[in-house]
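Student: I have a structure here, written as structure tokens, and I will follow up with some questions on it.
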Amino acid sequence: MAEIGTPQRPLRVAIVGSGPSGFFAAETLLKSLVVCAVDMFERLPVPFGLVRGGVAPDHPKIRSASRVFEKTAEHERFRYFGNVTIGRDLPIEELRHFYDAILLAYGAEGDRPMDVPGESLPGSHAATAFVGWYNAHPDYRNERFDLSCETAVVVGMGNVAMDVARMLATPVDILKTTDIADYALDALAESNIREIHIVARRGPAQVKCTLPELKEMAEIPGATPMVEPDEFSLTPACRQEIDASPGLKRIIEVLEEYSHNRPADGRRVRFRFFLAPAAVLGGDRVEAMCFERTRLAGEPGRQKAWGTGTLVDIPCGLVFRSVGYRGRPMPGVPFNEKTGTIPHTGGRVEDNGRELPGLYVAGWIKRGPTGVIGTNKPDSLETVKTLLSDLERLTPCAEPDSDAVERLLKNRGVRVVSYADWKRIDAAEVARGAARGKPRERFSRIEDMLAVLDNCQP
Ligand code: NAP
């Protein structure tokens, strides 16, 4: 038998997930001196993970990261299996029959709860559901957000909270030139939201959002970003944190500028600090969000929020919890319930400290939901390095044949979407968008995506 990793017998790697970490891993494998063949599996017909379903529509530059992935997808030893759910259509154990190594890069699709009473009241939502909804993600297209109220509360102060607040605050005349879902645009055109509170349990020096996202709030026509002056406070430890970080210093300067803004006509985006979620209040639906006032204590860089016992209610009709994503387990793969990640060393999956060569992990399901798209590049590189260093101890798969995988899936009634198929869906979306003056009008139903391939345009 030919040696694995040669033109005669390339190293066969299955990548599960088509987001940034999956594509960066594919790129690294395909550029390696070890000859690799990469098959990428994606549960949706359409690729690119959060670049498509997470990045806000008014951030086209960030979305254009997918261009790099398109180059990788054109490689002759790359094959795309869209519309295939690993773990359901094809269990991990079966995948091993066709691949020498499996690299899990399926991200963190769940969301973290606040764990407070009233969290499931109508009107209280995961920010991730709102993000998926305005991005036409099939899982969220049927979500409904009652935008008839005047005040929305977004809990958490990371970049997802910024995206949600910005989408609520931005005039639809601007949004209509983006690739936002048409139904979301219609709903936002009717929105009565005037006030958006973005609420952090710690202080200005501990915000998780980044400077460009913070500054963007001042660029939204008709919206005023504000900080309550008496919530703009810094402990001596905060001052040490700021002195140690020029980036944080700039963030503090921007927040301080916002603290001088006074309420104006139009929408207000209020940055609130030192408020930890205590309860979502309401009868049949959300009427207010109750917070406990906090104070900070701890070493610089490790300050925690401690409750003071003082409760503060913010009357509102909508609550978005934006306190982080959370990974989900994959059947047959070890999982750390506490962190929502797959245990590993250097990207090699481990089961109770026992190495599992042949099984690898990259991206958010490896390190947790942190960092921007580019953060996945070194992360995936580390995993691929580990995988390639295992070359000698990998068990060669029994049937190194991608066509056999496709046949098996077909026999199970799975409609596999190839990369060429995706290009047809892509072209149809762009054409639909052009007709509306938008860069793209996405299909939000899987059946509509597949209908393009049957030549019956939805
Ligand atoms: P994140 O950056 O981790 O922020 C989570 C926020 O929730 C923090 O403010 C955190 O406060 C707060 N939080 C966590 N648990 C809480 C609790 N129990 N009660 C109250 N507050 C709580 O998460 P994210 O916003 O979901 O973003 C995920 C990743 O995607 C980040 O790395 C982000 O930068 C990235 N992203 C980037 C972009 C972009 O580049 N434009 C856009 C979207 C997302 P503490 O600090 O006190 O824990």
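Student: Applying the selection to the range 128-142, what residues are assigned to a loop (DSSP other than H, G, I, E, B) and either touching a strand residue (DSSP E or B) at 6+ places or on another chain (Cβ under 7 Å) or within 12 Å of the ligand (Cβ to nearest atom) (or both)?
Tutor: ASN135
Student: Moving on. From (1) touching a Phe, Trp or Tyr at 6+ places or on another chain (Cβ under 9 Å); (2) surrounded by fewer than 23 Cβ atoms within 10 Å (Cβ to Cβ), pick out the condition that doesn't hold for VAL155.
Tutor: With (1) touching a Phe, Trp or Tyr at 6+ places or on another chain (Cβ under 9 Å); (2) surrounded by fewer than 23 Cβ atoms within 10 Å (Cβ to Cβ) applied to VAL155, the lone miss is (2).
Student: Among the residues of the range 23-82, write down those that are closer than 20 Å to ALA420 by Cβ and of a type in the set (Asp, Glu).
Tutor: Passing the criteria: GLU27, ASP39, GLU42, GLU70, GLU74, GLU76.
Student: Quick one: would you say PHE274 is farther than 26 Å from GLY132 by Cα and among the aromatic types (Phe, Trp, Tyr)?
Tutor: Yes, satisfied.
Student: Residues that are closer than 20 Å to ALA101 by Cβ, out of contact with any Cys (no Cβ under 6 Å at 6 or more places or on another chain) and of a type in the set (D, E, K, R): does the range 338-347 have at least one? Write out each step before concluding.
Tutor: Here is the first cut: in the range 338-347, the ones closer than 20 Å to ALA101 by Cβ are 341-347.
Of the ones still in play, those that are also out of contact with any Cys (no Cβ under 6 Å at 6 or more places or on another chain) are 341-347.
Then keep just the ones that are of a type in the set (D, E, K, R); that gives none.
There is no residue in the range 338-347 that is closer than 20 Å to ALA101 by Cβ, out of contact with any Cys (no Cβ under 6 Å at 6 or more places or on another chain) and of a type in the set (D, E, K, R).
Student: Separate question: What are the pairs with Cβ atoms under 6 angstrom where one residue, in the range 113-127, is within 12 Å of ASP284 (Cα to Cα) and the other, located anywhere, is within 14 Å of the ligand (Cβ to nearest atom) and assigned to a strand (DSSP E or B)? Sequence gap at least six, or different chains.
Tutor: GLY118/ALA279; GLY118/VAL280; LEU121/VAL280; SER124/VAL280; SER124/VAL319
Student: Testing PRO20 on (1) touching a residue at least 24 places away in the same chain (Cβ under 8 Å); (2) more than 22 Å from TYR140 (Cβ to Cβ), one condition comes back false. Which one is that?
Tutor: Only one criterion in (1) touching a residue at least 24 places away in the same chain (Cβ under 8 Å); (2) more than 22 Å from TYR140 (Cβ to Cβ) is unmet by PRO20, namely (2).
Student: Hey, among ALA25, ALA65, ALA2, which residue is in contact with a strand residue (DSSP E or B) (Cβ under 8 Å, 6 or more places away or on another chain) and not basic (Lys, Arg)?
Tutor: Of ALA25, ALA65, ALA2, the one residue that is in contact with a strand residue (DSSP E or B) (Cβ under 8 Å, 6 or more places away or on another chain) and not basic (Lys, Arg) is ALA25.
Student: Look through ALA305, ALA264, ALA279, ALA237 and report the one residue that is touching a residue at least 24 places away in the same chain (Cβ under 8 Å) and assigned to a loop (DSSP other than H, G, I, E, B). Show your work before the answer.
Tutor: Values: ALA305 fails: assigned to a loop (DSSP other than H, G, I, E, B); ALA279 fails: assigned to a loop (DSSP other than H, G, I, E, B); ALA237 fails: assigned to a loop (DSSP other than H, G, I, E, B).
Going through ALA305, ALA264, ALA279, ALA237 in turn, just one is touching a residue at least 24 places away in the same chain (Cβ under 8 Å) and assigned to a loop (DSSP other than H, G, I, E, B): ALA264.
Student: Next up: Can we say SER389 is among the polar types (S, T, N, Q) and either on the phi > 0 side of the Ramachandran plot or in contact (Cβ under 8 Å) with a residue 12 or more places away in the chain (or both)?
Tutor: Judged against the criteria, SER389 is not a match.
Student: For the list (1) on the phi < 0 side of the Ramachandran plot; (2) surrounded by 20 or more Cβ atoms within 10 Å (Cβ to Cβ), I need the number of the one condition that ILE62 fails.
Tutor: All conditions are met except number (2).
Student: While we're looking at this one, here's another question. Filter the range 346-383 for residues that are away from the ligand (no atom under 16 Å from the Cβ) and farther than 18 Å from ILE15 by Cα and give the result.
Tutor: Passing the criteria: ASP351, ASN352, GLY353, ARG354, GLU355.
Student: Can you confirm whether the range 446-458 contains a residue that is surrounded by fewer than 13 Cβ atoms within 10 Å (Cβ to Cβ) and under 23 Å from ARG67 (Cα atoms)?
Tutor: The answer is no, given that none of the residues of the range 446-458 is surrounded by fewer than 13 Cβ atoms within 10 Å (Cβ to Cβ) and under 23 Å from ARG67 (Cα atoms).
Student: Does LEU356 satisfy the criteria of being surrounded by fewer than 18 Cβ atoms within 10 Å (Cβ to Cβ), hydrophobic (A, V, I, L, M, F, W, C) and part of a strand (DSSP E or B)?
Tutor: yes
Student: Quick check on the range 398-428: of everything there that is basic (Lys, Arg) and outside any loop (DSSP other than H, G, I, E, B), which residue is surrounded by the most Cβ atoms within 10 Å (Cβ to Cβ)? Walk me through how you get there before you give the answer.
Tutor: Narrowing the range 398-428 to residues basic (Lys, Arg): 407, 410, 412, 415, 423-424.
Narrowing the set further to residues that are outside any loop (DSSP other than H, G, I, E, B) leaves 407, 410, 423-424.
On the way: ARG407: 12, LYS410: 11, LYS423: 12, ARG424: 15.
Going through the qualifying residues, I end up with ARG424.
Student: I would also like to ask the following. Just the residues that are within 16 Å of the ligand (Cβ to nearest atom) and touching a strand residue (DSSP E or B) at 6+ places or on another chain (Cβ under 9 Å), please, taken from the range 175-204. Explain how you work it out, then say what you get.
Tutor: So the first thing to find is which residues in the range 175-204 are within 16 Å of the ligand (Cβ to nearest atom), and the list is 178-180, 196-204.
Scanning the range 175-204 gives ILE196, HIS197, ILE198, VAL199, ALA200, ARG201, ARG202, GLY203, PRO204.
Quick note: the coordinates plus some simple rules give every number you see, no bench work behind them. Here the structure is a predicted model, which means the values were calculated and not measured. Neighbour counts run over all protein chains shown; Cβ positions are idealised from the backbone, glycine included.
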